[in-house]
Amino acid sequence: MKFFSWINFRNFLKTIFFILIIGIVCYFTIDTIQYKYNLMDIEEYEPVSTLVVKENIITKAKYPFIDVHNHQFDMPLKDLSKLIEEMDSMNMAYMVNLSGFRGIYLEKSLENINKHFPNRFGLFLNIDFEKIDEQNFAKNNIELITEAVNKGVIGLKVYKSLGLTDKDKNNNRIKVNDERLDPIWSICGELNIPVLIHSADPSSFWKPKDKFNERWLELRQKPGRYRDPKSNASFEEILSEQHAMFKKHPNTTFINAHMGWMANDLDRLSSHLDNNPNVVTEIGAILAELGRQPKRAREFFVEYQDRVLFGKDAHKLSEYYTYFRVLETDDEYFDYYRKRHGNWKMYGLNLPDTVLQKLYYKNALKLFPNIPKKFFE
């Protein structure tokens, strides 16, 4: 019995050894073929440009700035002193944390801010739209928003789930312009707080995942971002709902996040702003669109200099440097910080100082009068 067990064990070892040998041979064969025929994945391709052009690396904004689109999900417990050091290093005077949520989370976030740095942070409230069918939904949220503003909240942030994935009790998609939400937009206007709303996503997320899609790499790396037209409202449908809601509530100020996902069509965005005087926008997560069309983008910023705010979205220090370089310099042909957002090169807009000042802080100060002016004098 022991003899047969030993034989079986030896056969097992031989099998494992054989598999390892085959694996090693396959690995080196594939590696050799890739090297011989110069094969590589697009994600590996990082060519070093031989173009000789001037390079201005800016690690500090020319003027103090207000970031109106930031997310600090650990705000209730965060050591804000370390964040302040980072903000000071790049000349960020004030940060708006859009992820204030509600309840105890909101209370602890406000407590942390007020205890340590009350003049450097602003907080937005978030509400649960999937409770839309609950009794007294409108009344409860009006009270929630009013109480939050009385405690120091400076705005309402609406995530893209509204219009995209939020469902009511009947499993129907909640439209951005659902009339049951009208009291929420109205109370924000009455309380004079802006609504920063993210609706839809880049239009390429709805297009076929093929060689013609300029966001192909992002959809490969982040497959959950693909919007199957068969199971999702279309890009145009969501934008149409959002724009109709803006029209219906002219007394409420809306910050159309991410340039309304129209930064790749600035003529359309221009018309949108012309037709909606209660709407402003911000540049979070769309810098790659601006940096590839410096002439048209510069024209847009000059023409709509009173309607655009500075926003970043995901918070990472080194990525701000690319924002400063695109906005402040006339540099040519330099890298964006994330290949999947823009598999192309950036060019500086070289914005005039008067436009930069409005973008960096003056426009935000109009929306948030409680931000201390001393940081910008």
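Is it true that Gly163 is buried (at least 21 other Cβ atoms within 10 Å of the Cβ), more than 25 Å from Asn343 (Cα to Cα) and of a type in the set (Gly, Ala, Ser)? Yes: the conditions hold for Gly163. Within the range 171-191, residues that are of a type in the set (A, V, I, L, M) reach partners that are in a loop (DSSP other than H, G, I, E, B) and surrounded by fewer than 18 Cβ atoms within 10 Å (Cβ to Cβ) with beta carbons closer than 8 Å, at six or more positions or on different chains, in the pairs Ile174/Asp168.
Counting only helices (runs of 4 or more DSSP H) that fall entirely inside the range 274-377 and contain at least 2 residues that are of a type outside the set (Val, Ile, Thr) and without any contact (Cβ under 8 Å) to a residue 60 or more places away in the chain, the qualifying elements are 287-291, 294-303, 317-328. Tell me the residue from Thr50, Thr59 that is part of a loop (DSSP other than H, G, I, E, B), farther than 30 Å from Lys312 by Cβ and at pLDDT 65 or above, please. The conditions single out Thr50.
If the requirement is being of a type in the set (Lys, Arg) and surrounded by 18 or more Cβ atoms within 10 Å (Cβ to Cβ), which of these qualifies: Lys312, Lys316, Lys366? After ruling out the rest, the residue left standing is Lys312. Which of the residues spanning the range 318-335 are under 24 Å from Pro202 (Cβ atoms), modelled with pLDDT of 95 or more and either touching a helix residue (DSSP H, G or I) at 6+ places or on another chain (Cβ under 7 Å) or not small (Gly, Ala, Ser) (or both)? Matches in the range 318-335: Glu319, Tyr320, Tyr321, Thr322, Tyr323, Phe324, Arg325, Val326, Leu327, Tyr333, Phe334. Within the range 103-126, residues that are within 22 Å of Phe65 (Cα to Cα) have Cβ atoms under 6 Å from residues that are small (Gly, Ala, Ser) and surrounded by fewer than 22 Cβ atoms within 10 Å (Cβ to Cβ) in these pairs: Leu110/Gly152, counting only partners at least 6 apart in sequence or on another chain. Exactly one residue out of Asn150, Asn141, Asn112, Asn97 is touching a strand residue (DSSP E or B) at 6+ places or on another chain (Cβ under 6 Å), in the same structural domain as Leu164 (by TED's automatic domain parsing) and among the polar types (S, T, N, Q): that is Asn97.
Name the residues in the range 141-160 that are among the β-branched types (Val, Ile, Thr) and surrounded by fewer than 18 Cβ atoms within 10 Å (Cβ to Cβ), would you? Correct list: Thr146 only.
The values are calculated or read from the model by the stated rules, or taken from the named source; none is laboratory data. Computed from a predicted model, the values in this text were never measured in an experiment. Cβ: placed from backbone, ideal geometry, glycine included. Neighbour counts: every protein chain shown.
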